[in-house]
Amino acid sequence: MHYLAVGVANMINIFFPEVVGLSGGVANQGENLLKPLRAAVEPMVFGHEFAKKHTCITTCTLGYRAGVIGAALLAKGQAAQQG
């Protein structure tokens, strides 16, 4: 949990996203993982009040398929640009 929280906090500190979506096997854990993750991330976020108060950590609706679907859409888009 600690290493995942450090990674998520670093991403929030650098990019100030509105949403951090977790996918894959991590997403299958749902709130059992998200609740302690949010608690671990909160004290590590600094420097940007919006990110600290408004970044939502949630699971992706596509779950474990998110990476595969994203890769397929990227490939489709690149093929359309070339063809």
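The values are calculated or read from the model by the stated rules, or taken from the named source; none is laboratory data. These figures come from a predicted structure and were not determined experimentally. Don't worry about glycine lacking a Cβ; one is built from the backbone with ideal geometry, like all the others, and counts go over all protein chains shown.
Selection of segment 1-33 for residues being surrounded by 12 or more Cβ atoms within 10 Å (Cβ to Cβ), over 9 Å from the mean Cα position of the chain (by Cα) and polar (S, T, N, Q) yields ASN10, ASN13, ASN28, GLN29. For first residues located in segment 1-27 and among the acidic types (Asp, Glu), partners that are at pLDDT 90 or above and surrounded by fewer than 12 Cβ atoms within 10 Å (Cβ to Cβ) and lie 6+ apart or on another chain with Cβ distances below 7 Å form the pairs GLU18/CYS56. When the test is whether a residue is free of Cβ contacts under 8 Å to residues at least 12 places away in the same chain and either surrounded by 14 or more Cβ atoms within 10 Å (Cβ to Cβ) or of a type in the set (Gly, Ala, Ser) (or both), GLY77 passes it.
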